[in-house]
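**Q** Sending over a structure as structure tokens; questions will come in a sec.
The values are calculated or read from the model by the stated rules, or taken from the named source; none is laboratory data. Not measured: the values here are computed from a predicted model. Cβ: placed from backbone, ideal geometry, glycine included. Neighbour counts: every protein chain shown.
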Amino acid sequence: MGLFAEPWLREARDHIKLVSDITADKNNNPAQFDKLAEAVEKAIKAALVENHGSVPRQLDHQNLVSICQATGVWDVLPPALQGLVQEVQSFRAPTRSAPLQQSSAEQLQRYFLVARGLIDYMEFHIIGNDSVLKRLTVA
């Protein structure tokens, strides 16, 4: 794993752990979805930091889909992970147009598992693969 990305991926995993610990109580609320979205954001930005050394100001916003599309991350994500990014984007508090529907603990756990997979994918298949990492256009 790259030197710059490591703290970002660790923080993403910490957010996921926090969500899973809270979900174990079977108590779902919008804050859990926000934490899940933050974890996905950290994982995506970890690749940008590893590629560029920092997150450029023009990409330091919360629209995850547009960040992925603008940098080329979208092109290297499998369809299931693209779907996760789109769904998680809809959970973001500032962009949420309607209140979240009451979700089951099982649904949140599914998001939690897929988000873990996204973090691992970012670490091993994007950050850990120089040919893929160099294809990203961050600057």
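**Q** Restricting the search to segment 35-55, which residues are under 15 Å from residue 13 (Cβ atoms) and either acidic (Asp, Glu) or free of Cβ contacts under 8 Å to residues at least 12 places away in the same chain (or both)?
**A** 38, 41
**Q** Would you check which residues across segment 110-120 are surrounded by 16 or more Cβ atoms within 10 Å (Cβ to Cβ) and over 17 Å from residue 7 (Cβ atoms) and list them? I'd like the intermediate steps shown before the answer.
**A** As a first pass, look at segment 110-120 and keep what is surrounded by 16 or more Cβ atoms within 10 Å (Cβ to Cβ): 111-112, 114-116, 118-119.
Matches in segment 110-120: 111, 112, 114, 115, 116, 118.
**Q** Let me ask something else about it. Looking only at residues that are of a type in the set (Gly, Ala, Ser) and in contact (Cβ under 8 Å) with a residue 60 or more places away in the chain in segment 121-139, which one is surrounded by the fewest Cβ atoms within 10 Å (Cβ to Cβ)? It would help to see each step written out before you state the result.
**A** To start, the set of residues in segment 121-139 that are of a type in the set (Gly, Ala, Ser) comprises 128, 131, 139.
The next check asks that each one be in contact (Cβ under 8 Å) with a residue 60 or more places away in the chain; those that pass are 128, 139.
Values: 128: 15, 139: 11.
Within segment 121-139, the match that is surrounded by the fewest Cβ atoms within 10 Å (Cβ to Cβ) is 139.
**Q** Looking only at residues that are of a type in the set (D, E, K, R) and more than 14 Å from residue 121 (Cα to Cα) in segment 40-81, which one is surrounded by the fewest Cβ atoms within 10 Å (Cβ to Cβ)? Break it down stepwise before answering.
**A** Within segment 40-81, the subset of a type in the set (D, E, K, R) is 41-42, 45, 50, 57, 60, 75.
Going one step further and asking which of them are more than 14 Å from residue 121 (Cα to Cα), we end up with 50, 57, 60.
Working: 50: 24, 57: 7, 60: 11.
That would be 57.
**Q** Also, quick follow-up: For segment 1-12: of the residues being farther than 9 Å from residue 49 by Cβ and in a loop (DSSP other than H, G, I, E, B), which is modelled with the highest pLDDT?
**A** The residue in question is 3.
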